[in-house]
1. Quick check on my filter: what residues within the stretch 44-65 are over 14 Å from residue 7 (Cα atoms) and among the polar types (S, T, N, Q)?
2. Could you tell me how many of the residues in the stretch 64-80 are within 16 Å of residue 45 (Cα to Cα) and in contact (Cβ under 8 Å) with a residue 40 or more places away in the chain?
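Just so it is clear, none of the values below were taken in a lab; they were calculated from the coordinates. For clarity, every value in this text was computed on a predicted model and none was experimentally measured. Positions of Cβ are backbone-derived with ideal geometry, glycine not excepted, and every protein chain shown enters the neighbour counts.
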Amino acid sequence: MTQRGVWQLQRLTVSYCEHSGSSRGAREFVQSFLPIFAEENKQIDVKTVLHPGRHPCLRGEYRNGTSRQVGVKNEPQEELLRQTILLRGSIGRKASLVVKQRHVQKVPSIQKPLAQTS
């Protein structure tokens, strides 16, 4: 997502294993969808990292210094593309939606009710 016209995702790292079955979707994603995604999004530095014996993950690093990591174990390549687009579209901050609860008292108010004007 852009904030004041600047894309917030700086770097995208795809880490996977060459041999493990849980990285099958990640290997297919790196071969088929990732070059197209990197070509369409030149503002993002896209890297692939081999981690033998580890589950695959996507890691997005943002301009404000934060990073998000998404585990994509046993996911198909279409799901990796969806997660990549979600990382690109987020700002990098934590979701901080504070839901306030209504304060209800058991004791009624001692104030007079508002007079209705007719």
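1. Of everything in the stretch 44-65, just one residue is over 14 Å from residue 7 (Cα atoms) and among the polar types (S, T, N, Q), namely 48.
2. Of the residues in that region, 1 qualify.
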